[in-house]
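Okay, structure first, notes after.
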Amino acid sequence: MNISRRYRGTYACRERSIDFDDRTKVMGILNVTPDSFSDGGKNFKLSDAMFSVEKMIGEGASVIDIGGESTRPGYREISVDEELTRIVPVIEAVSSNFDIVISVDTYKSRVAEGALAAGAHVINDIYGFLYDPNMAQVVKKYDAGAILMFNCRRNGECINDDIVGRAVRELAASVKKALDAGIPEQSIMVDPGIGFGTSRQQDIDLIRSMDKLSEYGKYPVLLACSRKRTAAALLDRDTAPDQRDPVSIGMVLAGSSLGANMVRCHNVGDTCDALAGYEGIIRGV
């Protein structure tokens, strides 16, 4: 990707904004679940979640992404009430104690409504508004930011598809859904959907094609590859998820060079440090 095609501008999310320039921002993952693939149970208690948030902010996170339902392969869908019970106290506590943009990882409009009412600023929808017909209207109601992910699981896996072509088409449909609801362009971000019904080679193809997925810099791109199966495949040896941070950070640096505006990661401190070194050399201090 030509770095000149990187999105440059302000991403608006309620009363907050994120300024995107040549620097890649970091989103810290806060899974308040018992069963997430990498860190399930680590932040299930509110006190543990708050400790993790404070640590990630201190390490350089620009956004905290809160998730109440694991979406790993083979995940168990939980009820709206259970998801809200998990995330609302955390959103309220983070909003009250920290000056940070809060994103919520959900594809259910009723959960999004509760999250935004509790103080969240962004809805990170793994189905890109193409699952729940009411999601776009809820996001617009609160003038929140939207992250629209391409997801091969929505219509079955797509191992034999032209993955980049399909992603371009489906992200365009997601963006249209947002725009038709009245969400402004400056409140839309896209995500290539690494690891959601795709092969490892397709994941690499998606990362290499972020310019096309962003409509050549029209929208900012979130890259979420931390500790996923693609990282394990690149190592070509058996690893537990929490052993994949070095290769995940390598993927982050490649993603930054290819135009990612933000990366979603588990290890915020090491990722921010690696980006500081990379960007200090490539783009100047």
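Averaging the sequence gap over all C-alpha pairs within less than 8 Å and six or more residues apart, then dividing by the number of residues, gives the chain a relative contact order of 22 percent. Computing Cα extents along the principal axes in Å directly from the structure and comparing it against (1) 53, 48, 33; (2) 40, 39, 39; (3) 52, 52, 32 singles out (2). Other residues within the sphere of radius under 11 Å centred on the Cβ of L234, judged by their own Cβ, net out at +3 (K and R +1, D and E -1).
Of the chain, which part is the longest with no GluC sites (Glu not before Pro) in a loop (DSSP not H, G, I, E, B) and with at most 16 other C-beta atoms within 10 angstrom? Answer from the scan: 78-156. Shown for the chain: cysteine residues without a partner Cβ closer than 4.7 Å, namely C13, C225, C265, C272.
Find how many whole Å separate the alpha carbon centroid of the stretch 189-247 from the alpha carbon centroid of the stretch 64-134. If you average the Cα positions of each part, the centres end up 22 Å apart. With contributions of -39500 (n - 2.57) from each DSSP H run of at least four residues, the per-residue ellipticity at 222 nm computed over the chain stands at -12500 deg cm²/dmol.
Whole-percent P(r), the stretch 80-133, all Cα pairs, 10 Å bins from 0: 27, 54, 18, 1.
In the stretch 151-280, the C-alpha radius of gyration followed by the widest Cα-Cα span (Dmax) gives 15.0, 47 angstrom.
Read-outs: derived from the displayed coordinates by stated rules, not from any lab. Keep in mind it's a predicted model, so treat the numbers as computed, not measured. Positions of Cβ are generated from backbone atoms using ideal geometry, with glycine treated the same way; all protein chains shown enter the neighbour counts.
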